[in-house]
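These notes concern the structure reproduced below.
The values are calculated or read from the model by the stated rules, or taken from the named source; none is laboratory data. Quick caveat: nothing in here was measured; it's all calculated off a predicted structure. The protein model used for the area step is the full one, side chains on, heavy atoms only, and it has no ligands, DNA or RNA in it. Shrake-Rupley method; radii C 1.70, N 1.55, O 1.52, S 1.80 Å.
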Amino acid sequence: CEASRRQLAQASQNRLWFYFVDDYADQPEWISRSRGGDSMELNRLRLGYRASLRFMAGGFLEQPVTSRFDFCVWLDTDAYFPDMIDVDLIGQMRANHYKYAFSH
């Protein structure tokens, strides 16, 4: 909702973009919609998780706002680096012409 987006934007020191992905919940034909024995609730959770993975794996780069990015590093809210990073991640991305990195 608009009030939630406004609250998040005001709370962040960073620029935030919000966009709606029309086909987020669409399921590719080749993915089975049901698995034997799964409850409907569990199946919905799996479908949502699969959709988010598909989005991170490529759909994200098809969004209009990302065409203006030089590169993007995506870290989930539960992601972390287990040790110090002794390389310049952004420098490596720039030198190798990488556009997108994500941790999962």
Residue list for the range 78-104, filter: over 23 Å from ASP22 (Cα atoms) and among the hydroxyl-bearing types (Ser, Thr, Tyr): TYR80, TYR98, SER103
Test for GLN7: is it open to solvent by 70 Å² or more (accessible area, probe 1.4 Å), modelled with pLDDT of 80 or more and in a helix (DSSP H, G or I): yes
Residue that is modelled with the highest pLDDT [pool: residues in the range 38-64 that are part of a helix (DSSP H, G or I) and of a type in the set (Asp, Glu)]: GLU62
SER67 of a type outside the set (Lys, Arg), open to solvent by 60 Å² or more (accessible area, probe 1.4 Å) and at pLDDT below 80: no
